[in-house]
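Engineer: Quick one: this structure, given as structure tokens, is what I'll be asking you about.
The values are calculated or read from the model by the stated rules, or taken from the named source; none is laboratory data. All values reported here derive from a predicted model rather than from experimental measurement. Ideal geometry is used to build each Cβ from the backbone, glycine not excepted, and the neighbour counts take in all protein chains shown.
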Amino acid sequence: MPFAHSNYAGISGIVLQPASIADSRYRFDMALTGANVIAGNNYVAFKRDALFNSSLWELDNFKDDYMFENLNGKDKSGILGVSVMLPSFMVNLSDNSALAFSTRLRGIINIDNITEDLAKLMYEDIDYDPLLRRELTNANFSMQANYWLETGITFGNVIINKEKQFLKGGVTLKYLQGIVSGYTYINDLSYRFDGSDTLSLFQSTVKYGLSSNFDEEGIKPLEMVSKPGLGFDIGFVYEYRPEISKHRYNMDGREGLLRPDQEKYLFRLGVALLDVGSIKYKKGYYSQDFKADVRDWNIGDIEINSIQDINDTLRNRFNFNENVSETYRMRLPTALSIQFDYNLGHNFFLNFSPYIALNKGNSIASKSHYYSTYTFAPRYDRKWFGAEIPVQVDEFGRFKAGISLRMGPLWIGSNGIISNTVASKIYDGDVYFMLKIPIFRSIARDKDKDGVSNRLDQCPDRKGPWLMQGCPDTDGDNITDANDECPDEKGPESLNGCPDRDNDGIADKNDACPDAPGLPQFNGCPDTDGDGITDAQDECPDIAGKAEFNGCPDRDNDGIPDKADKCPDVAGLAAYDGCPFNDMDKDGISDDQDECPSIPGPAEFKGCPDTDGDGIPDKSDLCPSIAGVPENKGCPPIKKEEIEIIKRAFSNLEFESGKSIIKAVSYPSLDELAALMISQEMWKVRLSGHTDNTGKPEKNMELSKNRTQAVKDYLISKGVKEFRIKAEWFGQTKPVADNNSAEGRQKNRRVEMEIIFE
């Protein structure tokens, strides 16, 4: 049949491989009708002109000019096969299985094992002198004819589906009803023609049988002549799918689905055992077995006009075997079919399909078979169109080429039309056609490519997730944009898809305070202290207060809010900051007379304290915690000799030019200063470094810093605690003399020291 190994074979694929319907491209496929006719032999060929011009057949020279013999010394055979597919269909049950029902009318006529000698005598009407008067042999001459009705049910199923590895199997069970059959079998034929009318046979075994619907009037085709027979086909197909992931898709919430409309294999290998079985026929009257042993039999006077004439002639001449079986079995054309298909990509394939006839045993009297063939076919295969060029070699070593076309429901082709068109000798020919109603498998349509089929997509023109029935959900909050008041921001369903950052149950778009949980009556703003004033307007948000005080309390109810009331628990006057009298610090001095109204102090110092008791009030005392003298602004007195030591230390201080390295000449005076500071434990010093304006300011700043640090480090090295020395540096920013003169610049390059008390 055409395209039986195509990916779109459908119901016709069961002819070569019953497993082909599983994982098929079809949801349903029906063959309305189809036929395949083949005829051929390996002995006589016709000239191409004569094959298509029947008028030439009547010419006297037709045999000489338009026929050719193949005289190669090998046995000859011939075949005529007809297969008609009656309405048949397949249906896909699931992703893994399919079922098919088929009905075919089939017929095969075989002529086998004719020696070239016998074929030549038949071709020459026995009048071929080189073979006359010679004893000739033919080991197993046979002729068979079988026509039957075949009804089959096919089941195909996926066995293994492991990504790259794929295996499916199928079986066809056949119900067989014989229509008509017959056979002739001659074993060890030994014969001699002494002329066109004289025949001798030497101990040959002859068997022939006809089904019971044969009689002298011909065939009674409507009479059932066989008991129901059974047969079967079985096959397996393996596919290698290295890029299976490319053929997966997601649809309607199901992930990783395999596309049913694409070829997923790199190569496919199928093996099938076909036409296993037989039909049991009841023998008719014209069925006999006998031994043929006769000499110089004059066959020239025999008149043959019917089967009856043949039977009577043989019965009168030979002794028929009376113990002949009343039935015989006609075997189906059992064969091994192998299919190898390679995917070239872009709908191009290469196919290699050996068909090996298995039912050709010489000892089998009643059998039917096709020729063994080996077919190589490049193929273009698409949904509604396919084309292939089969190149075939048969069991006789003959090559032929044809073409097949698949055009929608019409399939036509021939395996030998190309070679027969160009060949000078034609030994065989074939033709086939089929008319179908295909309904293909396909993935559901998805207009917006969102993985939701148009059938289920509530928004077929806009992409959306399966959970949203194909409608968009831009912000991913599981609320479709159509129902989402805030489609670009995630939000809960209770707020129609709008966010609520502070989780106060008020959508941010309606919340005046979206980042702080609040109350509906305040448009989402908080009132922490519950005083009816929002925190944003409440100057005391954590303490309940009064509106007139912007949310602040007034515990003593004196009309002065607690935060401004210096006496919040006692009612007072505004003139006294909420206190009931004018002595805030309770030191017995009226606030209007108290120079330190908030700090208790004695009257002698107008209400100000003298912490160190040195007779100098703290507000005028530079050392309020250390008793001092007025001439030193409240700090301890510094002796004259101590001042001299300080002056010497810094008047004698010298550095190497442009550097922070103290010259040795300065060490004695600095040592004296360090000893003084060690003895005066209450002292602390503030060192400040200065430069003139010579050079860049940043360099001068760095130099003043380094020189100040150098003095500090020296004093520390002599035993002065580091915490007693504060270092500052000012570069050229605080000159004490004019930088325009050398003398002035000398004065400006200095490190100063100040005694401090803390």
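Engineer: Assess whether Asn42 counts as being surrounded by fewer than 14 Cβ atoms within 10 Å (Cβ to Cβ), at pLDDT below 95 and assigned by TED's automatic domain parsing to the domain that holds Ala139.
Structural biologist: No; evaluated as a whole, the condition is false for this residue.
Engineer: Would you check if there is a residue in the stretch 570-592 being of a type in the set (Asp, Glu), modelled with pLDDT of 75 or more and part of a loop (DSSP other than H, G, I, E, B)?
Structural biologist: Looking through the stretch 570-592, at least one residue is of a type in the set (Asp, Glu), modelled with pLDDT of 75 or more and part of a loop (DSSP other than H, G, I, E, B).
Engineer: Sticking with this one: Of the conditions (1) in contact (Cβ under 8 Å) with a residue 40 or more places away in the chain; (2) surrounded by fewer than 15 Cβ atoms within 10 Å (Cβ to Cβ); (3) not hydroxyl-bearing (Ser, Thr, Tyr), Ile716 clears all except one; give me its number.
Structural biologist: (1)
Engineer: Also, I was wondering about something else. Among the residues of the stretch 56-74, is there at least one that is surrounded by fewer than 15 Cβ atoms within 10 Å (Cβ to Cβ) and either among the aromatic types (Phe, Trp, Tyr) or within 58 Å of the chain's Cα centre (by Cα) (or both)?
Structural biologist: Yes: the stretch 56-74 contains one or more residues that are surrounded by fewer than 15 Cβ atoms within 10 Å (Cβ to Cβ) and either among the aromatic types (Phe, Trp, Tyr) or within 58 Å of the chain's Cα centre (by Cα) (or both).
Engineer: Same structure, new question: Could you figure out which of (1) surrounded by 20 or more Cβ atoms within 10 Å (Cβ to Cβ); (2) β-branched (Val, Ile, Thr); (3) more than 26 Å from Tyr328 (Cβ to Cβ) isn't true of Ile186?
Structural biologist: Failed condition: (3).
Engineer: I would also like to ask the following. How many residues, within the stretch 385-394, are outside any loop (DSSP other than H, G, I, E, B) and surrounded by fewer than 22 Cβ atoms within 10 Å (Cβ to Cβ)?
Structural biologist: 6
Engineer: A further question follows. Touching a strand residue (DSSP E or B) at 6+ places or on another chain (Cβ under 9 Å) and exposed (fewer than 11 other Cβ atoms within 10 Å of the Cβ), is that true of Asn311?
Structural biologist: No; evaluated as a whole, the condition is false for this residue.
Engineer: Here's another thing I want to ask about it. Name the residues in the stretch 634-660 that are among the aliphatic types (A, V, I, L, M) and either outside any loop (DSSP other than H, G, I, E, B) or loosely packed, with under 13 Cβ neighbours inside 10 Å (or both), would you?
Structural biologist: Listed by number, the residues that qualify are Ile643, Ile645, Ile646, Ala649.
Engineer: Of (1) of a type in the set (S, T, N, Q); (2) closer than 30 Å to Asn146 by Cβ; (3) modelled with pLDDT under 85, Asn61 satisfies all except one. Which?
Structural biologist: All conditions pass for Asn61, except number (2).
Engineer: Checking the conditions here, which among Leu358, Leu344 is without any contact (Cβ under 8 Å) to a residue 12 or more places away in the chain and over 30 Å from Pro472 (Cβ atoms)?
Structural biologist: Leu344
Engineer: While we're looking at this one, here's another question. Out of all the residues in the stretch 687-702, which are buried (at least 20 other Cβ atoms within 10 Å of the Cβ) and in contact with a strand residue (DSSP E or B) (Cβ under 6 Å, 6 or more places away or on another chain)?
Structural biologist: Leu687, Gly689, His690
Engineer: Within the group Tyr342, Tyr355, Tyr380, Tyr371, which residue is modelled with pLDDT of 95 or more and under 26 Å from Val82 (Cβ atoms)?
Structural biologist: After applying the criteria, what remains is Tyr355.
Engineer: If you check Leu16, Leu51, which single one turns out to be surrounded by fewer than 22 Cβ atoms within 10 Å (Cβ to Cβ), farther than 27 Å from Asn138 by Cα and of a type in the set (A, V, I, L, M, F, W, C)?
Structural biologist: Leu51
Conditions tested, residue by residue: (1) over 20 Å from Ser24 (Cβ atoms); (2) in contact with a strand residue (DSSP E or B) (Cβ under 8 Å, 6 or more places away or on another chain); (3) not in a strand (DSSP E or B).
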{"position": "Arg406", "(1), (2), (3)": "no, yes, no"}
{"position": "Gly413", "(1), (2), (3)": "yes, yes, no"}
{"position": "Ile418", "(1), (2), (3)": "yes, yes, yes"}
{"position": "Ile443", "(1), (2), (3)": "no, yes, yes"}
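Engineer: Further, regarding this structure: Considering each residue of the stretch 540-561, count those that are among the polar types (S, T, N, Q) and closer than 18 Å to Ala575 by Cα, and give that number.
Structural biologist: Of the residues in the stretch 540-561, 1 are among the polar types (S, T, N, Q) and closer than 18 Å to Ala575 by Cα.
One line per residue, one yes/no per condition, for (1) crowded, with 21+ Cβ neighbours inside 10 Å; (2) touching a Lys or Arg at 6+ places or on another chain (Cβ under 8 Å); (3) not hydroxyl-bearing (Ser, Thr, Tyr); (4) not in a strand (DSSP E or B):
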{"site": "Val84", "(1), (2), (3), (4)": "no, yes, yes, no"}
{"site": "Ser102", "(1), (2), (3), (4)": "yes, no, no, no"}
{"site": "Arg133", "(1), (2), (3), (4)": "no, yes, yes, yes"}
{"site": "Glu150", "(1), (2), (3), (4)": "yes, yes, yes, no"}
{"site": "Gly156", "(1), (2), (3), (4)": "yes, yes, yes, no"}
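Engineer: Select from the stretch 702-717 the residues that are of a type in the set (Gly, Ala, Ser) and either under 11 Å from Gly731 (Cβ atoms) or not in a helix (DSSP H, G or I) (or both) and list them in ascending order.
Structural biologist: Selection gives Ser704 alone.
Let's see how each residue does on (1) surrounded by 19 or more Cβ atoms within 10 Å (Cβ to Cβ); (2) under 50 Å from the mean Cα position of the chain (by Cα); (3) in the same structural domain as Ser368 (by TED's automatic domain parsing):
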{"residue": "Asp112", "(1), (2), (3)": "yes, no, yes"}
{"residue": "Asp127", "(1), (2), (3)": "no, no, yes"}
{"residue": "Pro130", "(1), (2), (3)": "no, no, yes"}
{"residue": "Ala139", "(1), (2), (3)": "no, no, yes"}
{"residue": "Lys162", "(1), (2), (3)": "no, yes, yes"}
{"residue": "Gly170", "(1), (2), (3)": "yes, yes, yes"}
{"residue": "Gly178", "(1), (2), (3)": "yes, no, yes"}
{"residue": "Gly195", "(1), (2), (3)": "no, no, yes"}
{"residue": "Phe202", "(1), (2), (3)": "no, no, yes"}
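Engineer: Then there's this: Looking only at the stretch 718-749, count how many residues are assigned to a helix (DSSP H, G or I), more than 16 Å from Leu653 (Cα to Cα) and not acidic (Asp, Glu).
Structural biologist: Residues in the stretch 718-749 being assigned to a helix (DSSP H, G or I), more than 16 Å from Leu653 (Cα to Cα) and not acidic (Asp, Glu): 4 in total.
Engineer: If you take the residues of the stretch 546-569 that are of a type in the set (A, V, I, L, M, F, W, C) and part of a loop (DSSP other than H, G, I, E, B), which of them is nearest to Cys596 (Cα to Cα)?
Structural biologist: The qualifying residue nearest to Cys596 (Cα to Cα) is Cys567.
Engineer: Collect the residues in the stretch 416-449 that are at pLDDT below 90, over 30 Å from Tyr8 (Cβ atoms) and not hydrophobic (A, V, I, L, M, F, W, C), keeping them in residue-number order.
Structural biologist: Ser424, Lys425
Engineer: Filter the stretch 503-540 down to residues that are of a type outside the set (A, V, I, L, M), surrounded by fewer than 17 Cβ atoms within 10 Å (Cβ to Cβ) and within 23 Å of Asp484 (Cβ to Cβ), then give me how many there are.
Structural biologist: The total comes to 7.
Engineer: Here is a follow-up. Just checking, how many residues over the stretch 42-73 are part of a loop (DSSP other than H, G, I, E, B) and either over 21 Å from Asp117 (Cα atoms) or touching a residue at least 60 places away in the same chain (Cβ under 8 Å) (or both)?
Structural biologist: Residues flagged as part of a loop (DSSP other than H, G, I, E, B) and either over 21 Å from Asp117 (Cα atoms) or touching a residue at least 60 places away in the same chain (Cβ under 8 Å) (or both) within the stretch 42-73 amount to 8.
Engineer: Could you check how many residues of the stretch 678-702 are within 17 Å of Phe650 (Cβ to Cβ) and of a type outside the set (Gly, Ala, Ser)?
Structural biologist: So the answer is 9.
The rows are residues; the columns are (1) outside any loop (DSSP other than H, G, I, E, B); (2) surrounded by 15 or more Cβ atoms within 10 Å (Cβ to Cβ).
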residue	(1), (2)
Met330	yes, yes
Leu344	yes, no
Tyr355	yes, yes
Asn359	no, yes
Tyr371	no, yes
Phe396	no, yes
